[in-house]
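Just so it is clear, none of the values below were taken in a lab; they were calculated from the coordinates. Computed from a predicted structure; not experimentally measured. Every residue, glycine as well, gets a Cβ built from its backbone with ideal geometry; the counts of neighbours run over all protein chains shown.
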Amino acid sequence: MVIAAVMPAPRVPIELREFAEPALAPDSLLLRTLYSEVCGTDVHIWHGRLAGVPYPIIPGHVSVGTADKIRGEVRSVDGTAILEGDRVVFFDVHRTCGRCRACAVNRTPTRCDSRRVYGITDSAAEGLFGGWAEAIYLEPGVSMAKLPDSVPAETYISAGCGLITAVHAIDRAALTLGDTVLVQGTGAVGLSAIALAKIAGATRVIAFGAPADRLELAAAMGADHLVDIQQTSLDERAQIVRDLTGGVGVDVAIEAAGSARAVEEALDLLRDGGRYVIAGHYTDAGPSSINVHRQINRKHLEIRGCWGSEVAHFVRALRVLERHHAAIPWRAIGAKTYALGELNQALADAEAMRLPKALVKPH
């Protein structure tokens, strides 16, 4: 039997339940979970703010583990064989149809109606499809990779989904060498976006966030200028950006705050012809009030959404971690580790923003 933490419904306490170890289909594996995470999406799911979640579920959409049992042949995304005992990470989207307009015509598989995501879109009645469990069933066709030997499992999961999303956001931002970048939000996505912006060639990164300990971590991740949104007004922040950019505005802004007010603010802080990527609105945060003429069209802005991620972002996130994890403190994002029986407290701590990210250690 396998013990898993189950979210029965929104706002209902997490329960520990036993599940039978699954019979493995050909070319599948059972992953013994080393770590999973409590991310912002999990808090949204617990609040009931994400549409289509088939409660009860086993949450945890990004995890790392050890290949415990394998049936048949399982290969990583680079074609190498996965063997029992290997440390394995996997891309959380485990099914898209490949045939619909989103997949085949628009080339936007993150919008496929058949998209299935570990820890989010699979009911607990279907089995071990979430990371808040002692083991995870990786069905045939899941995109997976061996965790590089030099990368600790704790570092990978501390970066987690925030890093993968940030890779996508940086792509959408089309950063060029010498850009000045504003990152709104100092949670897991924003912190990784700060680090990646510097790696990608930004010469100045401004971080808007709170509380103070997250701003300290933002500095360690590479932010050059820290602005506490709890201690400054809109006008004060606008003046700070004007002073830092010679009155021009930032070249790129990346929203990672999930705030409708943040969108309104950033449009006034971008330079003419600037680029804005919205990555933090994974649930409906309500309407924003903007002046389309003054804030967008007259400024000739580019505004791009960033929904989910693709296998390429997962693979590139691994490469970035392998190259930079010793110098960039992704490990510090995972501030505290919780056992399966402590996940109600982990959700409460994440909801109250008492830590950037809670880690889950099932064993």
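Summary of values
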item: Sum of side-chain charges, GLY119 neighbourhood, beta-carbon under 9 Å (Lys, Arg +1; Asp, Glu -1); result: -3
item: Anisotropy class of segment 277-363 from Cα gyration tensor, a/c 1.5 cut; result: oblate
item: (i) 21.0, 78; (ii) 20.3, 63; (iii) 23.1, 75, with the label sought being that of the calculated Rg and Dmax of the Cα atoms in Å; result: (ii)
item: Antiparallel DSSP beta bridges within the chain, percent to nearest 5; result: 55
item: Peptides 285-296, 158-169, 121-132, 184-195 ordered by average Cβ neighbours within 10 Å, highest first; result: 184-195, 158-169, 121-132, 285-296
item: Angle in degrees between helix 234-244 and the longest Cα principal axis of the chain, rounded to the nearest 10; result: 80
item: Note, ³J(HN,Hα) from phi for segment 57-69, Karplus 6.51, -1.76, 1.60, rounded to Hz, x at Gly and Pro; result: 10, 9, x, x, 9, 10, 8, 9, x, 10, 4, 8, 9
item: Karplus (6.51, -1.76, 1.60) ³J(HN,Hα), θ = phi - 60°, over segment 336-353, in Hz, Gly and Pro reported as x; result: 8, 10, 10, 7, 4, x, 10, 6, 5, 5, 4, 4, 5, 5, 5, 4, 7, 6
item: Prolate/oblate/rounded call for segment 161-305, Cα gyration tensor, a/c under 1.5 rounded; result: rounded
item: Residue exposure sequence - TRP46, TRP307 - by fewest surrounding Cβ within 10 Å; result: TRP307, TRP46
item: Farthest positive-ward along segment 161-305 dipole, Cα basis, beta-carbon charges - from ALA253, LEU177, ALA193; result: LEU177
item: Residue-span extension gain [ALA212 to ASP149] - 0.36 nm each, minus C-alpha spacing; result: 19.3 nm
item: Spin-label model distance (nm) - ILE199 vs ARG354, 7 Å beyond Cα toward Cβ; result: 3.1
item: Exposure proxy ranking, count of Cβ atoms within 10 Å, fewest first, for TYR276, TYR156; result: TYR276, TYR156
item: Shape of segment 55-179, Cα gyration tensor, a/c cut at 1.5; result: oblate
item: Highest-fluctuation residue, ARG99, ARG237, ARG331 considered, GNM on the chain with Cα pairs under 10 Å; result: ARG99
item: Projected label distance in nm at ASP243 and ARG107, using a 7 Å step from Cα toward the beta-carbon; result: 4.4
item: Residue-count net charge about PRO109 - beta-carbon cut-off 9 Å; Lys, Arg +1, Asp, Glu -1; result: +2
item: Potential lengthening between ASP27 and ARG116 on full extension [0.36 nm per residue; Cα-Cα distance subtracted]; result: 30.2 nm
item: Inter-label distance for ASN344 and ALA327, nm, one decimal - labels placed 7 Å from Cα along Cα-to-Cβ; result: 4.6
item: Cut-off under 5 Å, modelled amide H: who pairs with ASP179 long-range; result: THR203
item: Between 0 and 90°, nearest 10: helix 311-324 axis offset from the chain longest Cα axis; result: 80
item: Cross-link partners of LYS357 among lysines (Cα-Cα below 28 Å; sequence separation of 8 or more within a chain); result: LYS146, LYS198, LYS336
